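To keep things clear, I will list the structure first and then write my remarks on it.
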Amino acid sequence: MTGLACNVSMFNEAFTPSGAFLYQETFSTPNSRWDERMLEAGAVGYANDAYRIQLHFPNAQLWSRPGLYLNDVRVEATVLSAGAPESRMGVLCRLVDDQNFYFFVISADGFYGIGKMRAGQASLLTGAGAMLPTDTIFTGNLPNQVRGDCIGKTLTLYVNNRLVDSTADGDFFAGDVGLLAGTSAQPETEVYFDNFFVIKP
């Protein structure tokens, strides 16, 4: 499992009104905020007016983050899988470091999960620890909008503007945001991300 990031930008969000953008990126122009890197496990970088995460190994994850420090957020992105349908893809919030954060993921075969990485160990907070099916996901190689709300202790997942599930956890209250892709038993995947927005709830 590997995380990538640039310099952390810390600012006071207390005076940002609800509904305002805290950060936005369409990935149409490469810049220095998001990593472009080749790794043994895969690669991350700008491609085809999007941000791409590639993975070569089974049961692996890669994530990338812009380098922010935020409290309550609404994080959303358009995701598109070009790999195995059971591969995971989604958004992160409250990334304290690469060992501790929350994630909201879906798969192209119609499953979802809300989870956390704590001390480097990933677990799902929904579905009794298993990914659950939902008909809100457009299956196959179709784009989906994934949104994760991190407000207080409440973590809520929306897919394609529909509420999917919600849970609560009180381990992390501030940190970075980001994008994540992961594999299961199939070793190869390629996920494209676009229209990454971070909004004040």
Among residues of the range 14-68 being touching a Leu at 6+ places or on another chain (Cβ under 7 Å), surrounded by 15 or more Cβ atoms within 10 Å (Cβ to Cβ) and hydroxyl-bearing (Ser, Thr, Tyr), the residue nearest to residue 95 (Cα to Cα) is 64
Can you pull out every residue in the range 69-111 that is within 16 Å of residue 171 (Cα to Cα), of a type in the set (Val, Ile, Thr) and surrounded by fewer than 23 Cβ atoms within 10 Å (Cβ to Cβ)? 96
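Is at least one residue of the range 81-89 among the basic types (Lys, Arg) and more than 20 Å from residue 44 (Cβ to Cβ)?
To start, the set of residues in the range 81-89 that are among the basic types (Lys, Arg) comprises 88.
Cutting the leftovers down to more than 20 Å from residue 44 (Cβ to Cβ) gives us none.
No, that holds for no residue.
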Return the residue satisfying two criteria in turn: it lies in the range 152-178 and is among the β-branched types (Val, Ile, Thr) and more than 20 Å from residue 66 (Cβ to Cβ), and of such residues it is surrounded by the fewest Cβ atoms within 10 Å (Cβ to Cβ). 154
Could you identify the single residue in 44, 75 that is under 14 Å from residue 178 (Cα atoms), in contact (Cβ under 8 Å) with a residue 60 or more places away in the chain and not polar (S, T, N, Q)? 75
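Tell me yes or no: at least one residue of the range 11-22 is outside any loop (DSSP other than H, G, I, E, B), of a type in the set (Phe, Trp, Tyr) and at pLDDT 95 or above. It would help to see each step written out before you state the result.
Here is the first cut: in the range 11-22, the residues outside any loop (DSSP other than H, G, I, E, B) are 21-22.
Subsequent filtering for residues that are of a type in the set (Phe, Trp, Tyr) retains 21.
So of that shortlist, the ones also at pLDDT 95 or above come out as none.
Scanning the range 11-22 turns up no residue that is outside any loop (DSSP other than H, G, I, E, B), of a type in the set (Phe, Trp, Tyr) and at pLDDT 95 or above.
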The condition from (1) over 13 Å from residue 103 (Cβ atoms); (2) over 16 Å from the mean Cα position of the chain (by Cα) that residue 167 misses is numbered (1)
The correct count of residues that are in contact with a Ser or Thr (Cβ under 6 Å, 6 or more places away or on another chain) and assigned to a strand (DSSP E or B) in the range 33-66 is 3
Residue in the range 123-137 that is buried (at least 17 other Cβ atoms within 10 Å of the Cβ), outside any loop (DSSP other than H, G, I, E, B) and within 13 Å of the chain's Cα centre (by Cα) present: no
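The values are calculated or read from the model by the stated rules, or taken from the named source; none is laboratory data. All figures in this text were calculated on a predicted structure; none of them were measured in a lab. No Cβ is skipped: glycine too gets one built from the backbone with ideal geometry, and neighbour counts run over all protein chains shown.
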